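In what follows, a single structure is set out as structure tokens and then discussed.
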Amino acid sequence: MSTSPAATAADRLSDNDVQAIDHLREIYAKLRRELGKVIVGQHDVIERLAICLFARGHALLMGVPGLAKTLLVSKLAETMSLKFSRIQFTPDLMPMDITGTDILQDGASGRREFEFVHGPVFANIVLADEINRAPPKTQAAMLEAMQERKVTVVGKMFQLDAPFIVLATQNPVEQEGTYPLPEAQLDRFMFLIELDYPSEAEEILIARTTTGDALPDLDHLMTAADIIRNQDLVRRVPVPDHIYGFAAKLVRKTRPYGTTAPAWLKPLVAWGAGPRAVQNLILGAKARAALLGSYMVRLEDIHEVAVPVLAHRVITTFAAQAEGIDAKKIVKRLIEETNQEKG
């Protein structure tokens, strides 16, 4: 009797890990129900935020004002029992406004001493609102925190508490006076998560639920220690060899100057995705598999995370923009072609 792929993958996990994945699936279902008490729709957005959280990745949220981005992030932190902070990025925001700074205080000995006062980045979930409105020096301070999970102030290094995730928002309108994020900083975000307008039925429900009594308190489903334990679990989810191959092949095709890029892509893409994209494809697929209760990564997991991983890493040319072709369309076509090659 042949062994199914799921059973084979489960054999590679310990019994404790299998039970932990089953438990994580139940928690994730409860999380969706809890957030559904205050957030109407946005099911894909909730899934992608959960993937980033358990994969230790950061996300860039793109959407017009009024789509409940701040509410969603704060309620996610509430259900996960995590410390939440929001930083409103403005052109006059300085790095010390994010990281904190030394302040001269009266010490216990009677002498005046410098004492470090923690900034808002010292939280588990940090919402960087309209991050592209801050000058490059301030963006660089946030970049260090995202990449290194630490901050440096006046030559002293301070470690940030785990788990740590930055969810930054960018307003696609009102671009005057903004500082576009450089490609190097965009690459630090695991996902680009786009929020769209709700449907008519959802908009009516939003009006009903938000114009009455106060929003309900949500149940606390996890602690910080639980999240860290499940982040470690996600790393242990098995990945078949052909999934690694598919992820690498897909990313390599986005590079217009490479030998594997299709001819139709070369005039449309100025710059393709780097190796970090392959890492994030695999980690995102692992997290999605675990959240859905799978004991191994499947090809459909890669398909689901490919657009949010690659859309902000594929830089289109003016010719593509003139034809109305964006990175999402390019990535979707690459997925289809790579699937056909596989078949």
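The values are calculated or read from the model by the stated rules, or taken from the named source; none is laboratory data. Remember, it's a predicted structure, so these values are computed and weren't measured experimentally. Ideal geometry is used to build each Cβ from the backbone, glycine not excepted, and the neighbour counts take in all protein chains shown.
Odds and ends about this structure:
- Pairs meeting the criteria (first residue in the range 259-278 and under 26 Å from G57 (Cβ atoms), second residue among the hydroxyl-bearing types (S, T, Y), beta carbons under 7 Å, at least 6 apart or on different chains) are V269/T254; V269/T316; V269/T317; A270/T316; A270/T317; G272/T254; A273/T254.
- When the range 98-115 is limited to residues that are part of a strand (DSSP E or B) and modelled with pLDDT of 75 or more, the one that is farthest from P65 (Cα to Cα) turns out to be I103.
- Among the residues making up the range 28-64, those that are touching a residue at least 60 places away in the same chain (Cβ under 8 Å) and more than 19 Å from the chain's Cα centre (by Cα) are K30, E34, K37, V38, V40.
- Of note, Y197 does not satisfy the criterion of being aromatic (F, W, Y), farther than 19 Å from I46 by Cα and surrounded by fewer than 17 Cβ atoms within 10 Å (Cβ to Cβ).
- Looking across the range 31-54, the residues that are modelled with pLDDT under 90, surrounded by 18 or more Cβ atoms within 10 Å (Cβ to Cβ) and assigned to a helix (DSSP H, G or I) come down to E34, L35, V45, I46.
- Residue within the range 180-194 that is farther than 25 Å from Q231 by Cβ, in contact (Cβ under 8 Å) with a residue 12 or more places away in the chain and crowded, with 20+ Cβ neighbours inside 10 Å present: yes
- The range 127-153 residues that are over 18 Å from N171 (Cα atoms), paired with ones that are at pLDDT below 85 and acidic (D, E) (beta carbon under 8 Å, 6 or more apart): K150/E144; V151/E144; T152/E144; V153/D102
- Hey, A201 within 24 Å of the chain's Cα centre (by Cα), at pLDDT 75 or above and of a type in the set (G, A, S) or not: no
- Only one of T254, T316 that is closer than 19 Å to D187 by Cα, in contact with a Leu (Cβ under 9 Å, 6 or more places away or on another chain), among the polar types (S, T, N, Q) and crowded, with 21+ Cβ neighbours inside 10 Å: T254
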